[in-house]
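This report concerns only the one structure given below.
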Amino acid sequence: GGGGGAAMADGDGLMSVDYEVHGKVQGVFFRKYTQGEAKKLGLVGWVQNTSHGTVQGQIQGPAARVRELQEWLRKIGSPQSRISRAEFSNEKKIEALDHKEFQILK
């Protein structure tokens with residue numbers, strides 16, 4: 001809780017996590033929606049389709065927001081997607097963000 005502006009404590013509470021989402025997640029605007037959701041939450045990172053039919057990427061930002069996007073990737077996704085499972089790896093605390101924005105990679 002608590003109010004306050006968008007000021008962030010010195011790199012405190014930032015985290016990075018890699019993800020891969022399985023199911024019907026290609027050709028259903030999954031990347032576009034993921035980018036939109038990430039931007040809404042103020043997160044940075046990337047998302048891309050893989051050659052084996054999944055979507056993968058990395059999320060970085062305040063831990064609480066990263067958790068929100070993880071939940072979204074696990075349960076919601078884009079309207080036409082059918083998520084069978086989302087896997088998260090390389091979860092770690094970071095001092096600074098490696099990305100300036102949330103990008104869709106080709």
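The values are calculated or read from the model by the stated rules, or taken from the named source; none is laboratory data. Fair warning: this is a prediction, and the values are worked out from it, not measured in the lab. Cβ sites come from the backbone with ideal geometry, for glycine too, and all protein chains shown count toward neighbours. Remember, those area values only see protein heavy atoms, side chains included, never the ligands or the DNA or RNA. Shrake-Rupley method; radii C 1.70, N 1.55, O 1.52, S 1.80 Å.
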For the range 1-45, give me each residue that is at pLDDT 95 or above and part of a loop (DSSP other than H, G, I, E, B).
Val25, Gln26, Gly27, Val28, Phe29, Gly42, Leu43
Going by what's in this entry, would Gln80 be described as farther than 18 Å from Gly13 by Cα, surrounded by 15 or more Cβ atoms within 10 Å (Cβ to Cβ) and polar (S, T, N, Q)?
no
Scan the range 85-100 residue by residue and report those that are open to solvent by less than 80 Å² (accessible area, probe 1.4 Å) and not in a strand (DSSP E or B).
Ile94, Ala96, Leu97, His99
When the residues of the range 20-33 are filtered to those that are open to solvent by less than 80 Å² (accessible area, probe 1.4 Å) and in contact (Cβ under 8 Å) with a residue 60 or more places away in the chain, which remaining residue is nearest to Ser89 (Cα to Cα)?
Glu20
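Do we have Gln103 as open to solvent by 60 Å² or more (accessible area, probe 1.4 Å), farther than 15 Å from Tyr19 by Cβ and in contact with a helix residue (DSSP H, G or I) (Cβ under 9 Å, 6 or more places away or on another chain) here?
It is false that Gln103 is open to solvent by 60 Å² or more (accessible area, probe 1.4 Å), farther than 15 Å from Tyr19 by Cβ and in contact with a helix residue (DSSP H, G or I) (Cβ under 9 Å, 6 or more places away or on another chain).
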Being in contact with a Gly (Cβ under 6 Å, 6 or more places away or on another chain), open to solvent by less than 80 Å² (accessible area, probe 1.4 Å), under 13 Å from Leu14 (Cβ atoms) and not in a loop (DSSP other than H, G, I, E, B), is that true of even one residue in the range 63-73?
yes
